[in-house]
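Laboratory data are not the source of any read-out in this text; all were calculated from the coordinates shown. Every value quoted in this text rests on a predicted model; they were computed, and no experiment measured them. No Cβ is skipped: glycine too gets one built from the backbone with ideal geometry, and neighbour counts run over all protein chains shown.
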Amino acid sequence: MQMSQNAMAVSDAVAKPNLYSLVVWLTGTLFYFYEFFIQVAPNVMMPDLTRHFGITAVQFGFLATAYYVGYAMMQIPAGTLLDRFGARKLIVVATLICALGSFLTAHAHTWALVECARFATGIGSAFAALGSLVLAANWFPSNRFGVLSGFVLTIGMLGAVSGQHPLAVMVENIGWRESLDVLTVVGLVYAVLTWFVIQDDKNPMSRNRVNSSQSFKELLRNVVKIICQPQPWLLAAYGLLMFTPTLTLGASWGVGFLMTAYHMSLTKAGSMISLIFIGWAIGCPLFGFISDRIGLRKPPLYIASVGGTISLFIMIYVHLPSAFMLETLMLFFGIFSGAFLSSFSIARELQPAKATGAALGFMNMAQSLGGAMLPPIVGFILDLLWNGAMQDGDRVYLLGNYQYALLILPLEMLAAGVFLYFIKETHCKEVV
């Protein structure tokens, strides 16, 4: 039987997380760790992939597009499915799909099959962040959601960090195909762990318990209502503009830029890029904690937009005299960009409990579409400016090429602050 609105409000106020709540949530977030690890893997494997398959920068950029198209198209369906069926079964199936994607990528003989494998991986990955956020909403009270959603990203960023320097070392020692086989086995083991640990409905005080009696017509009605409101679109725009610059550098073009600008080795560049994701791991819970603490969502987001813009301009256009200064700037850029997650808190507070998954799915869909479009745009500009130089079978792009192509990144973060002006302040409370 569904709880009444008043009963849900009471239960939300009195619900107390216990050890099992924490175990369930942490187990769910491990999928986000795994998903981010395999998401950034092509960044480290770029030289091997371009050399082995003989592809251009645009073709490599479309590898990210294939991933994000699959990821984006599943966001709203994933959110509504989580609202109806819960996280346990869906996370298990999604993990198996991701493991299959890694296996197919490792053993593909054509670039088309690699792109299909990344598309499938994107479909499976669509349930990672959403599953973790829905578990946080279901197993913890509202005043914990901001910081918990931040820690979801922290765990994901630990996966991204592990997908840079450690993965680069593994690729150099055992090869890129063998490294992907290792990721396949890890996914299979995690799927088994999830099946035995996560339970969807053991918490009687859950705010948004799994409700299989909720019809698909009602779920669709929730989605349509969200799409027809202006606030979700404004929130999605802010999140997209803050999110995509980080992924464009961290998962596609950052390693190549650093190797060109500072003549770094692959391992060193991968290690340096990982600082962006460490910054994300700090910034996501930090901005969530600050906004929960002061009872306001928007002021920290303004600071993040300005700080991220300045950090990017210096990083791309100023040749820093020391590695320490570059590392510090990478870290701060990651911290500022991590504020994008607070827009998810606003999205949740503007929608009723039964539409939590759909609202979060809409936000994630918009951001993933940005992740799909931006890397090939950067790649197209690089190919357009390429002077024909080749080295060891790879195209050689000049520093000026990278600086021109990456100009879009700081402009995006600056535009995010403009969209923020029109977003409603929720004061960290549900307003529905």
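Miscellaneous remarks
- Distance between the pseudo-spin-label points of V418 and M325 (7 Å out from Cα toward the beta carbon): 3.1 nm.
- Listed values for region 122-138 are Karplus-derived 3J(HN,Hα) couplings in whole Hz (6.51 cos²θ - 1.76 cosθ + 1.60, θ = phi - 60°), namely x, 4, x, 5, 4, 8, 6, 5, 4, x, 5, 5, 5, 4, 5, 5, 7, and x replaces Gly and Pro.
- Remark: the V197-Y302 segment gains 33.9 nm on full extension, using 0.36 nm per residue and subtracting the alpha carbon distance.
- The chain: radius of gyration over Cα atoms, expressed as a fraction of 2.2 N^0.38 Å: 0.94
- Cα long-axis angle, helix 5-14 against the chain (0 to 90 degrees, to the nearest 10): 70
- Residue range of the chain that is longest and free of trypsin sites (Lys or Arg not before Pro) which are both DSSP loop and sparsely packed (at most 12 other C-beta within 10 Å): 203-428
- Temperature 37 °C, viscosity 0.692 mPa s: under these conditions the Stokes-Einstein estimate for region 245-341, based on its Kirkwood radius over C-alpha pairs, is 241 µm² per second.
- Peptide ranges 18-27, 165-174, 337-346 listed from the most packed, as the mean C-beta count within 10 angstrom indicates: 337-346, 165-174, 18-27
- P(r) histogram, all alpha-carbon pairs of region 290-422 included - 10 Å bins from 0, percent: 11, 31, 33, 18, 7, 1
- Comparing I273, Q164, P77 along the charge dipole axis of the chain, the residue lying farthest to the positive side is P77, per the Cβ-charge model.
- Packing rank of 323-330, 131-138, where each peptide gets the mean count of other beta carbons within 10 Å, highest leading: 131-138, 323-330
- Amide N of region 237-281 lying under 16 Å from the label point, which is placed 7 angstrom from the Cα of A389 along Cα→Cβ: 256-264
- Alpha-carbon centroid distance for the pair region 368-432 / region 290-364, whole angstrom: 15
- Taking a straight line from the alpha carbon of K424, these aspartates and glutamates sit under 15 Å away, with near neighbours fewer than eight places off in the same chain left out: E349.
- Protection proxy ranking for 102-115, 237-250, using the average of other Cβ atoms within 10 Å per residue and placing the highest first: 237-250, 102-115.
- Extended-chain gain in nm, criterion 0.36 nm per residue less alpha-carbon gap, F380 and E218: 54.1 nm
- Once the Kirkwood radius over Cα pairs is known for region 341-409, the Stokes-Einstein relation at 37 °C and 0.692 mPa s delivers a diffusion coefficient of 221 µm²/s.
- At R0 = 35 Å, FRET efficiency that the Cβ-Cβ distance of Y20 and E172 yields, to 0.05: 0.25
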